[in-house]
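First up is the structure itself, then whatever we jot down about it.
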Amino acid sequence: MSPGFAHLEGGMARRDTVSEDERERRKAAVEAVASRVYGSSWQTPLATEISDMTGRSLERSRIAGWFLKPAADKPTSSVKPVPAWVMNALPELARRGAARLRHAAEELDLAAAELDRVAAPPEGGEGAPPAPGEPEETPAAPQGPDDYKAADEAFHAWLDSYVEGKGAELGGAP
């Protein structure tokens, strides 16, 4: 019998008996692979994919149980270790995840290139014409006191004409 693996012996499954170091190594491996493949919410998709890969049922709650902290009055061995059959599936899961991530990276690179092509005008070119209602040119931000004064005067002139126009519509000056 190989240590650390559950087997059938007389029709009964034997629980994995592993050292504390092995428990921690297994947990770290599962979390490292799964978090990289699925992101921060990895337990449910891990359970689904391991179940699909192995044909064995694996629930998210069982995965969460591997990461529980034992009660202060109980030994660490009271928390079930990651089973060997899950560890045996991790290399294939990592390969599948890496392939999906490479494919996603390629799609993102293509999307970025397309966005660069659409968003950036060609060298020396004007770019796409403005959309209806969009200003032809973005006004320059005020740079110094004279620019601020001119902007302030222009705003007040616009505001006065707006108020006067509204006052005339309402039958007189405010």
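Kindly indicate which of Ser41, Ser2 is at pLDDT 60 or above and not hydrophobic (A, V, I, L, M, F, W, C). Only one candidate qualifies: Ser41. For region 58-86, the candidate set comprises residues that are open to solvent by less than 30 Å² (accessible area, probe 1.4 Å) and closer than 18 Å to Ser19 by Cα; within that set, the residue that is modelled with the lowest pLDDT is Val79. When Gly133, Gly55 are checked against the criterion of being over 23 Å from Glu24 (Cα atoms) and modelled with pLDDT of 95 or more, Gly55 stands alone in meeting it. Flag not set for Arg100, criterion: open to solvent by less than 100 Å² (accessible area, probe 1.4 Å) and basic (Lys, Arg). Only residues that are crowded, with 18+ Cβ neighbours inside 10 Å and in contact with a Lys or Arg (Cβ under 6 Å, 6 or more places away or on another chain) were counted across region 27-57, and they come to 2. Condition test on Arg36, is it modelled with pLDDT of 80 or more, in a helix (DSSP H, G or I) and touching a Gly at 6+ places or on another chain (Cβ under 8 Å)? In short, yes.
The values are calculated or read from the model by the stated rules, or taken from the named source; none is laboratory data. Computed from a predicted structure; not experimentally measured. Counting neighbours? That spans all protein chains shown, and the Cβs are built from the backbone with ideal geometry, glycine included. These area figures cover heavy atoms from the full protein model, side chains too; ligands, DNA and RNA do not enter into them. Shrake-Rupley method; radii C 1.70, N 1.55, O 1.52, S 1.80 Å.
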